[in-house]
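The values are calculated or read from the model by the stated rules, or taken from the named source; none is laboratory data. From a predicted model like this one, the values you see are computed outputs, not experimental measurements. Every residue, glycine as well, gets a Cβ built from its backbone with ideal geometry; the counts of neighbours run over all protein chains shown. The area values use the complete protein model at the heavy-atom level, side chains included, leaving out ligands, DNA and RNA. Shrake-Rupley method; radii C 1.70, N 1.55, O 1.52, S 1.80 Å.
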Amino acid sequence: MAGLIHIGLAGARGRMGRAVSAVLDTRPDVVVPCRFDRSETPDLSVCDVVIDFTSPEASVELARRCAEAGGPALVIGATGFTPEQDAEIDKAAERIAIVKSGNFSLGVNMLLGLVAQAAQRLPAADWDIEVVEAHHRMKRDAPSGTALMLGEAAAEGRGQALKDVRAPMREGVGDERVRGQIGFSAIRAGGIVGEHQVIFAADDEILTLAHSARDRQLFARGAVIAALWARGRAPGLYGMQDVLGFRQA
């Protein structure tokens with residue numbers, strides 16, 4: 001078939017890998033030449049794009065390999081990167097197209113814009129912001145990548161950097177909350193797919209913006225859309241805001 005896109009899949013046996021694999025298998029315009037996990041090193045030259053749901057360490061190594069070879073493009077869905085690992089991804093993106101996102105959901109990306117707008121319009125002196133997220137018991141990083149994206153959107157709405165206004169995790173007896181800080185709360189339990197709330201709380205009213213994921217297929221479909229978009233794209237680090245056309249060039 002003309003126009004087939006060859007998409008490899010890293011982390012194929014994980015939760016998200018299995019979901020992405022199922023979506024890929026339904027598409028007549030896609031060939032999957034390799035499905036592999038972290039310990040395997042397949043021939044990536046047969047791929048136009050690789051979708052990666054592994055770990056930060058494995059993602060960095062995969063990005064390095066792809067960049068050294070001048071391709072394929074990458075879609076990275078792993079979360080929990082250190083600043084040093086992010087810098088490695090940035091370096092690889094100088095040579096290949098990389099779409100990196102903590103969440104591939106259309107709804108979550110809409111939520112990011114709403115959070116930024118609310119934060120811009122609700123004065124930090126009067127409104128506390130708390131990001132609450134819940135995931136399954138197997139998720140290792142906290143806060144989630146999506147929660148951090150939401151926190152960054154809130155901080156940017158106020159013209160700030162999240163690192164400058166992020167509240168420390170609360171435990172035991174401490175000082176009262178500092179005005180203008182953005183806090184995070186994380187829940188890990190059962191098989192929760194993904195729940196995110198951004199709470200704007202004043203003394204006399206509360207605004208809650210929320211998103212609930214019901215099935216991992218929604219993230220898998222978004223990752224495949226990102227892979228189709230990334231094929232043939234110029235080198236650079238992109239996000240779902242670019243893929244969905246929410247970010248203006």
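Criterion applied to Glu156, Glu130, Glu195 was being open to solvent by 30 Å² or more (accessible area, probe 1.4 Å), in contact (Cβ under 8 Å) with a residue 12 or more places away in the chain and assigned to a strand (DSSP E or B), and the one residue passing it is Glu195.
So, in region 35-54, of the ones that are in contact (Cβ under 8 Å) with a residue 40 or more places away in the chain and of a type in the set (D, E, K, R), which residue ends up least open to solvent (accessible area, probe 1.4 Å)? Residue satisfying both the conditions and the ranking: Asp52.
Listed conditions (1) more than 24 Å from Arg216 (Cα to Cα); (2) surrounded by fewer than 17 Cβ atoms within 10 Å (Cβ to Cβ); (3) hydrophobic (A, V, I, L, M, F, W, C) are all met by Cys66, apart from (2).
Scanning region 161-176 for residues that are assigned to a loop (DSSP other than H, G, I, E, B) and open to solvent by 80 Å² or more (accessible area, probe 1.4 Å) turns up Pro168, Met169, Arg170, Glu171, Val173, Asp175, Glu176.
Restricted to region 71-126, and to residues there that are without any contact (Cβ under 8 Å) to a residue 40 or more places away in the chain and closer than 22 Å to Gln181 by Cβ, the residue that is least open to solvent (accessible area, probe 1.4 Å) is Pro123.
Scanning region 198-215 for residues that are among the charged types (D, E, K, R) and over 22 Å from Trp127 (Cβ atoms), we see that the one that is most open to solvent (accessible area, probe 1.4 Å) is Arg214. Residues that are surrounded by 14 or more Cβ atoms within 10 Å (Cβ to Cβ) and without any contact (Cβ under 8 Å) to a residue 40 or more places away in the chain within region 23-34 comprise Val31, Val32, Pro33, Cys34, listed in sequence order.
Summed over region 229-249, the residues that are surrounded by fewer than 17 Cβ atoms within 10 Å (Cβ to Cβ) and either part of a helix (DSSP H, G or I) or among the polar types (S, T, N, Q) (or both) give a count of 2. Checking each residue of region 6-20 against the condition of being within 24 Å of Arg95 (Cβ to Cβ) and surrounded by fewer than 20 Cβ atoms within 10 Å (Cβ to Cβ) gives at least one match. Just one of the listed residues (Ala73, Ala78, Ala118, Ala92) is small (Gly, Ala, Ser) and modelled with pLDDT under 95, and it is Ala78.
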